[in-house]
Amino acid sequence: MRQFAVIGLGRFGSSVAKTLGEKGQQVLAVDIDEELVQDMAEIVTHAVCVDATDEKALKAIGIKDVNVAIVAIGANIEASILVTLILKEAGIPEIVAKAVSKEQGKVLKRVGATRVVFPERDMGARLANSLISSKVIEHIELSSEYSIAEVLPTRKFIDKTLRDIDLRAQYGVTVIAVKRKIQAVAKNGESQEEEKITVSPQADYQIRNGDIMVVLGSNENIEKIKAKH
Ligand code: ATP
């Protein structure tokens with residue numbers, strides 16, 4: 001199992017640590033604030049009160065064994081940069097760092113972050129997208145360029161097969177799954193609506209009205225499909 005470390009247990013870090021812990025992942029949670037560490041103790045594997053800019057202290061708590069580290073210190077820019085550098089030098093393969101500004105993001109990349117996230121900026125963009133486009137239901141950003149998005153099919157896709165629609169050739173996006181509401185019979189004999197998901201649908205899969213297509217592609221190309229609605 002992969003071992004995670006979350007450094008900084010503010011609003012962002014505690015949410016990451018809590019979700020990983022609840023999903024049964026191995027999490028080492030670190031903060032300089034004893035109270036925040038206490039709050040996390042029951043939820044994660046290990047919660048430790050340490051100044052993460054102290055290289056020796058980080059090594060003493062076994063940081064070297066971590067596969068993925070999340071640097072969730074944003075406002076304290078110096079600390080976030082120093083901690084990222086220490087993690088890089090400790091040989092941690094995946095370092096995700098939170099940034100509050102573009103400039104901080106650039107520096108974090110340069111000192112060794114394998115991925116930089118901008119939670120406030122990304123959440124704002126996501127909210128705006130969801131407000132203006134009711135056709136896109138869920139949107140997962142894979143990088144600044146690529147996403148997985150849930151899209152409702154346009155009218156011209158309805159009753160056509162994926163081969164006919166040919167989204168990959170026409171729009172450069174791949175349909176990785178289709179969600180469909182089906183009528184099923186419940187234990188009490190009553191009919192109820194259930195969601196069926198078909199992963200990697202075949203080319204002869206026929207799109208129906210009400211289906212949700214889960215597509216993978218560049219943000220630019222996904223935008224193009226949205227614009228066609
Ligand atoms: P959020 O928006 O997630 O609440 P933030 O971007 O405002 O956080 P900070 O307040 O700078 O970021 O830091 C988040 C957490 O990181 C805090 O709980 C803070 O105690 C912790 N932290 C800051 N510096 C260090 C450090 N050197 N070692 C360990 N933890 C630290």
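The values are calculated or read from the model by the stated rules, or taken from the named source; none is laboratory data. Model, not experiment: these values are computed from the prediction. Every residue, glycine as well, gets a Cβ built from its backbone with ideal geometry; the counts of neighbours run over all protein chains shown.
Quick notes on this one:
- Residues being modelled with pLDDT of 85 or more and either among the acidic types (Asp, Glu) or surrounded by 15 or more Cβ atoms within 10 Å (Cβ to Cβ) (or both) are represented in the range 129-145 by at least one member.
- Pairs linking a residue in the range 209-226 that is at pLDDT 85 or above to a residue that is part of a helix (DSSP H, G or I), with Cβ atoms under 6 Å and 6 or more positions apart or on different chains, are Asn221/Tyr171.
- Filter result for the condition that a residue is over 12 Å from Val6 (Cα atoms) and surrounded by 14 or more Cβ atoms within 10 Å (Cβ to Cβ), over Ile63, Ile95, Ile77, Ile73: Ile77
- Residues of the range 93-112 that are away from the ligand (no atom under 15 Å from the Cβ) and touching a residue at least 40 places away in the same chain (Cβ under 8 Å): none at all.
- For the range 161-172, the condition holds for at least one residue, the condition being that it is in the same structural domain as Glu223 (by TED's automatic domain parsing), touching a residue at least 12 places away in the same chain (Cβ under 8 Å) and polar (S, T, N, Q).
- If you go through the range 77-94 and pick out every residue that is in contact with a strand residue (DSSP E or B) (Cβ under 8 Å, 6 or more places away or on another chain) and in a helix (DSSP H, G or I), you end up with 5.
- For Gln38, the requirement of being away from the ligand (no atom under 14 Å from the Cβ), surrounded by fewer than 22 Cβ atoms within 10 Å (Cβ to Cβ) and modelled with pLDDT of 95 or more is not met.
- Failed condition for Pro119, given (1) within 17 Å of the chain's Cα centre (by Cα); (2) within 8 Å of the ligand (Cβ to nearest atom); (3) buried (at least 20 other Cβ atoms within 10 Å of the Cβ): (3)
- Ile86 being crowded, with 19+ Cβ neighbours inside 10 Å and either closer than 15 Å to Phe12 by Cβ or basic (Lys, Arg) (or both): no
- Positions within the range 11-31 being crowded, with 17+ Cβ neighbours inside 10 Å and more than 8 Å from the ligand (Cβ to nearest atom), in sequence order: Val16, Ala17, Lys18, Leu20, Gly21, Gln26, Val27, Leu28, Ala29
- Meets criteria (outside the structural domain of Ala113 (by TED's automatic domain parsing), β-branched (Val, Ile, Thr), surrounded by fewer than 15 Cβ atoms within 10 Å (Cβ to Cβ) and modelled with pLDDT of 85 or more) for Val185: no
- Residues that are hydrophobic (A, V, I, L, M, F, W, C) and under 30 Å from Val6 (Cα atoms) number at least 3 in the following helices (runs of 4 or more DSSP H) confined to the range 107-211: 119-132.
- Among the residues of this structure, Gly74 does not count as one that is modelled with pLDDT of 95 or more and either in a loop (DSSP other than H, G, I, E, B) or within 9 Å of the ligand (Cβ to nearest atom) (or both).
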